[in-house]
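The values are calculated or read from the model by the stated rules, or taken from the named source; none is laboratory data. All values reported here derive from a predicted model rather than from experimental measurement. Cβ placement follows ideal geometry from the backbone for every residue including glycine, while neighbour counts extend to all protein chains displayed.
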Amino acid sequence: MSTEEQVEDEAAPSGAKKTGFLAGLREFGVIVVSALVLSAIVRAFLVQAFYVPSESMENTLMPNDRIVASKITTHFGGVSRGEVVVFRDPGGWLGAPEPGPTGVRGAINTFMIFIGLVPSDSGSDLVKRAIGVAGDHVVCCDTQQRIVLNGVALDEPYVVQPTNQIQFDITVPKDSIFVMGDNRGNSRDSRYHLEDNSGGVPVDNVVGRAFVVLWPIKRLSTLPIPETFANPALNNATTIATQ
């Protein structure tokens, strides 16, 4: 074998390695992009993570909890009494959101939220418990300071002892839900917006049902509907829902 032929034979493996590296790099890029697209689709249509900023849902949810909400459940099944739901501000419930990070950091944070790798902290979402749905008659309160729903007093062991109950007697408007925080003494909920749609939150504003506390790990737990909402007598609602 000549010297020239030997050089060509030795050079061939180097080119093959370069081609293999580029092919592997392209394959890795396709996998990453596909994963990001899939993550964005999951966030948009199936589930989304959220950050809990306040004490309004103590002790069910604590400040700094990370929760996951199911969008598909709400889309196909609507909202049920007793669910913990995430919803967009109907208007005037929240003040102006605090400014988030700007520049490159802000862009990265927005991107991470979009693809679902970071919980949403937009400042325009709230989390409360759905007490009544369209057509329900909700009254506060009986002699034991319990909410009365369609003539049934609710036993709510998850509620922090009320300190500032607001008296009301409303029927939940069509296509709306009536929401309250579990920390009744520290929750600006439907009770504080009775003049607007009887305090009702449009169902279209509901992002999804919160079904699990994901972080911190020591608080990992599900968010089931409390037994008090399983009482069949609660279905004796008014006819407004079908009007």
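Taken over the stretch 91-120, the criterion of being modelled with pLDDT of 80 or more and surrounded by 12 or more Cβ atoms within 10 Å (Cβ to Cβ) is satisfied by W93, L94. For the stretch 206-225, the set of residues classified as under 22 Å from G135 (Cβ atoms) and surrounded by fewer than 19 Cβ atoms within 10 Å (Cβ to Cβ) consists of I225 only. For the stretch 72-80, the count of residues that are crowded, with 20+ Cβ neighbours inside 10 Å, polar (S, T, N, Q) and either closer than 18 Å to N186 by Cβ or at pLDDT 90 or above (or both) is zero. Within the stretch 170-180, being within 17 Å of the chain's Cα centre (by Cα), under 14 Å from C140 (Cα atoms) and touching a residue at least 60 places away in the same chain (Cβ under 8 Å) holds for one residue alone: V179.
Those strands (runs of 3 or more DSSP E) of the stretch 119-220 in which 2 or more residues are charged (D, E, K, R) and closer than 19 Å to L61 by Cα occupy 125-133.
Filtering the stretch 53-79 to residues that are farther than 17 Å from P224 by Cβ and either among the aliphatic types (A, V, I, L, M) or touching a Lys or Arg at 6+ places or on another chain (Cβ under 8 Å) (or both) leaves S56, M62, I72. Looking across the stretch 121-156 at every residue that is in contact with a Leu (Cβ under 8 Å, 6 or more places away or on another chain), farther than 16 Å from I177 by Cβ and of a type in the set (G, A, S), the one that is surrounded by the most Cβ atoms within 10 Å (Cβ to Cβ) is identified as G123. Quick one: would you say I170 is modelled with pLDDT of 90 or more and in contact with a His (Cβ under 8 Å, 6 or more places away or on another chain)? Criteria met by I170.
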